[in-house]
1. Would the range 6-52 count as rounded, prolate or oblate if I go by the C-alpha gyration tensor, calling it rounded below 1.5 in a/c and otherwise prolate when a/b exceeds b/c, oblate otherwise?
2. Helix-only estimate, please: 222 nm mean residue ellipticity of the chain, summing -39500 (n - 2.57) across DSSP H runs of length 4 or more and dividing by its residues, to the nearest 500.
3. On a 0 to 90° scale, report how tilted helix 62-84 is relative to the longest principal axis of the chain, with both axes built from alpha carbons and the result rounded to the nearest 10.
4. Over the range 75-143, what is the mean sequence separation of C-alpha contacts under 8 Å (at least six apart), divided by residue count, expressed as relative contact order in percent?
5. How high is the relative contact order of the chain, in percent, with contacts defined as C-alpha pairs under 8 Å that are six or more residues apart?
6. Would you please give the FRET efficiency between residue 131 and residue 55, computed as 1/(1 + (r/R0)^6) with r the Cβ-Cβ distance and R0 = 35 Å, to the nearest 0.05?
7. Can you give me the pair-distance distribution of the range 75-143, C-alpha pairs, 10 Å bins, whole percents?
8. What three numbers, in Å, describe the spread of the alpha carbons of the range 8-92 along their principal axes, ordered from the longest?
Amino acid sequence: MDDRPYGIVYVGPSGEMGHPIACIGCDGHSVAGRGGAGAVMGSKKLKAIAILGTKQVPLHNSERVKTRSVELMREFSKRSAEKRTTGTTSAPTTFEKIGHLPLKYWVGETWGKADKIAAPYYNEILHAKPTFCAHCPYGCHRHIKLEEPKE
């Protein structure tokens, strides 16, 4: 594996087909999964973008950017403290209540079992631990250690 500092964003088959909920994969470990950005990238016939380099992006007022970044991170951290324990695993029950859970290709309104794939049940059963992206106070990703059943 190359140890040079590079980043890659990419789409899969759903992005290539322009599917409205297509995501953009980021560096093989995360996704930009809101708003169909993968469909937009696919519509431009972009399969992937790779960035290689070490130069810094010039900023007009770097001190102001640093100060504002710290302010925003503190505010975001305060607002997201409760969600940090569940991440996006709280979404299925919320979405099911408002009829927005993607059931049966979006034609089913309720399932009645969303709580079985959502927090807190999800975290308790799978012992899911929050995982944070670089410079993000939210920690919406979950790390789960799967073990083979003992025979």
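Laboratory data are not the source of any read-out in this text; all were calculated from the coordinates shown. Bear in mind that the values here come from a model prediction, so they are computed numbers and not experimental data. For neighbour counting, all protein chains shown are included, and Cβ atoms are generated from backbone atoms with ideal geometry for every residue, glycine included.
1. Values: a/c = 2.35, a/b = 1.47, b/c = 1.60.
Verdict is oblate for the range 6-52.
2. Working: 5 runs with 47 residues, N = 151.
Calculated mean residue ellipticity at 222 nm is -9000 deg cm²/dmol.
3. 10 degrees
4. Details: 84 pairs, mean separation 26.2, N = 69.
Once normalised by length, the contact order is 38 percent.
5. Values: 200 pairs, mean separation 24.6, N = 151.
With pairs under 8 Å counted, the relative contact order is 16 percent.
6. Numbers: r = 29 Å, r/R0 = 0.82.
Calculated value: 0.75.
7. Each 10 Å bin holds this share of Cα pairs: 22, 41, 30, 7.
8. Sorted largest first, the three principal extents are 41, 40, 19 Å.
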